[in-house]
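What follows draws every value from the coordinates through simple rules; no lab data is involved. Being a predicted model, the structure only gives us computed values, none of them experimental. Cβ coordinates were reconstructed from backbone atoms using ideal geometry, including for glycine residues, and neighbour counts include every protein chain displayed.
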Amino acid sequence: MPFQNTLEFAKKLDAEDKIHQYRDEFHFPKVNGKQVIYFTGNSLGLQPKRTREFVDEVMKDWEELAVEGHFHSEKPWWDYHERLAAPLAKVVGAKTAEVTVMNTLTVNLHLLMVSFYRPTSTRYKIICEEKAFPSDQYMFQSQVKFHGLNPDDAIVEIKKRNGENHWRTEDIVSKINEVGDELALVLIGGVNYYTGQVFDMESITRAGKSAGAFVGWDLAHAVGNVELKLHDWDADFAAWCSYKYMNSGPGNASGVFINERHLGKDDIPRFEGWWGTKKETRFLMKPEFEPMENADAWQISNVPVLSVAPYLASLEMFEEVGMPTLIEKRNKIVSYLEFVLHEIDKEVESTFEIITSEDRGCQLSVFLHGQGRPLFDYLMKNGVITDWREPNVIRLAPAPFYCSFEDMYRFGQILKAGILKK
Ligand SMILES: *Cc1c(COP(=O)(O)O)cnc(C)c1O
């Protein structure tokens, strides 16, 4: 069915959308008294209405039970995080034992590097993508220096070819082979935060492992967005934040995957704390550390329940809808957005260019030629929430859970008015 850039057609797509009603499950900010068109679910997902109940429940248990809440609330705090493992494992394609929730993303990646970046005098290099998310760059540099190595030597960035906007899998694989015996770790963002490119995680994982390295993934922009099969791909580890496509709220708890091959071992290097010890003997307060048999062995502190409760609310919604349905809608709404952009681009005589490749998830990154921040400001003032990345890129992520086809049409009209106004 060919798309049309009309309000009527957009409404027809909404009427056919099986999950259109989920839009009402979220709080939308308002601009000029009107619900916004929200394109920044890749940065901070909207608040699900049901989240408040989950948080209130913890507040009430704290109010009424105080310390007894650890064991005697309806959802006891001491193992509250265990409720998230099964639904989250489905989202990332893992076994329940391989998944846990704790801390925040960069913290977890550091902790995982304690276990999976173990440089030797000959095998010490890390492969990552060029211009990785800044927090990841700082992490790589500080980890390498912590081991007494030189970042310029130990960190190998994979470059895009001149004039191209995306990385080629063949270039990544050949770099992995080239570094070969010196390669200790491959750690890349599964979906690039800037261009929205989805990496071929399966092939890259395979290449890294055949080179004898550990392979991990930063899934900040991938989780809740694209299909993941961490277990089948045989990745060693992964971590992600939950506040982007997973709508768990600002700075809330991060998720972790550790391949079952690494579970139940006493000899793996790891920073440890009491929440990683066996539940049965934890409160005997013994000096010996006995690791949990699952990914919870990496837990350190007791559960930050107020940060985990919103994630549980969000996971309930992912359980109801399921990734396949979300991905089906995502494909359609992103294609429709792309179509609307091309139509508007024709009408305003080629002012912008979509730099996101065909291997994409929810995000289209749009390079604006000859348009600066004033256009971005115009969009924001007119109820389009998007973001701006230097030098001239707006990122548009129509999260399938709550964005509508009508939003895409209306956005096109506002964009056109903003460009013509100049
Ligand atoms: C959003 C994002 C982060 C954020 O890290 P925090 O530790 O949660 O602040 C890290 N890495 C990537 C690739 C991201 O997109």
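To the nearest 0.05, how large is the calculated FRET efficiency for residue 346 and residue 137 if R₀ is 60 Å and r is the Cβ-Cβ distance?
For residue 346 and residue 137, the calculated efficiency is 0.95.
Of the residues 337, 192, 262, the one whose Cα sits farthest towards the positive end of the charge dipole of the chain is 337 (charges of +1 on Lys and Arg Cβ, -1 on Asp and Glu Cβ, taken about the Cα centre).
With R₀ set to 35 Å, the beta-carbon distance separating residue 4 from residue 30 gives a calculated FRET efficiency near 0.75. Packing-based ranking of 31-38, 333-340, 271-278 yields 333-340, 271-278, 31-38, ordered from highest to lowest mean Cβ neighbour count within 10 Å. Putting +1 on Lys and Arg Cβ atoms and -1 on Asp and Glu Cβ atoms, find which of 65, 103, 217 reaches farthest to the positive end of the dipole of segment 53-321. After comparing all options, I get 217. Between the beta carbons of residue 79 and residue 120, assuming R0 = 30 Å, the FRET efficiency works out to 0.20 to the nearest 0.05. Sorted largest first, the spans of the alpha carbon positions of segment 126-225 along the three principal axes are 36, 29, 27 Å.
When the P(r) is computed for segment 16-105, the part past 14 Å accounts for 77% of the Cα-Cα pairs. Each Lys and Arg Cβ is given +1 and each Asp and Glu Cβ -1; about its Cα centre, segment 1-154 then shows a dipole of about 500 debye. Calculated mean residue ellipticity, 222 nm, the chain: -12000 deg cm²/dmol, from DSSP H runs (n ≥ 4) at -39500 (n - 2.57) each, averaged per residue and rounded to 500.
Normalised by the number of residues in the chain, the average gap of Cα pairs under 8 Å and 6 or more apart makes the relative contact order 24 percent. Inter-part distance, segment 198-221 to segment 257-292, computed on C-alpha centroids, equals 26 Å.
Which length gain, in nm to one decimal place, applies between residue 332 and residue 50 when the Cα-Cα distance is subtracted from 0.36 nm times their residue separation? Each step should come with its number before you reach the end.
Working: separation 282, 0.36 × 282 = 101.52 nm, distance 2.66 nm.
That pair, residue 332 and residue 50, stretches by 98.9 nm at full extension.
Under a model in which nothing but the beta-carbon of Lys, Arg (+1) and Asp, Glu (-1) is charged, the chain shows a dipole of about 960 debye around its Cα centre. Peptide packing for 389-398, 6-15 was compared via the average number of neighbouring C-beta atoms within 10 Å per residue; ordered from the highest value, the list is 389-398, 6-15. The modelled label-to-label distance for the pair residue 145/residue 67, using points 7 Å beyond Cα in the direction of Cβ, is 4.3 nm. Projecting the Cα positions of 230, 300, 132 onto the charge dipole of segment 53-321 (unit charges on Cβ atoms of Lys, Arg, Asp and Glu, taken about the Cα centre) puts 132 furthest along the positive direction. Whole-percent P(r), segment 53-321, all Cα pairs, 5 Å bins from 0: 1, 6, 13, 17, 18, 16, 12, 8, 5, 3, 1, 0, 0. About its Cα centre, the dipole of segment 273-422 is roughly 500 debye, where the only charges are +1 on Lys and Arg Cβ and -1 on Asp and Glu Cβ.
Shown here for segment 64-97: chymotrypsin sites (Phe, Trp or Tyr not before Pro) in loop regions (DSSP other than H, G, I, E, B) with at most 16 other Cβ atoms within 10 Å, of which there are none.
A straight line joining the Cα centroids of segment 102-149 and segment 384-421 runs 35 Å.
3J(HN,Hα) couplings calculated from phi for segment 205-216 with the Karplus curve 6.51 cos²θ - 1.76 cosθ + 1.60 (θ = phi - 60°) are, in sequence order, 4, 4, 5, x, 5, 5, 7, x, 9, 7, 10, x Hz; Gly and Pro show x. You can think of it this way: the chain between residue 11 and residue 170 has 53.1 nm of extra reach, that is 0.36 nm per residue less the Cα-Cα gap.
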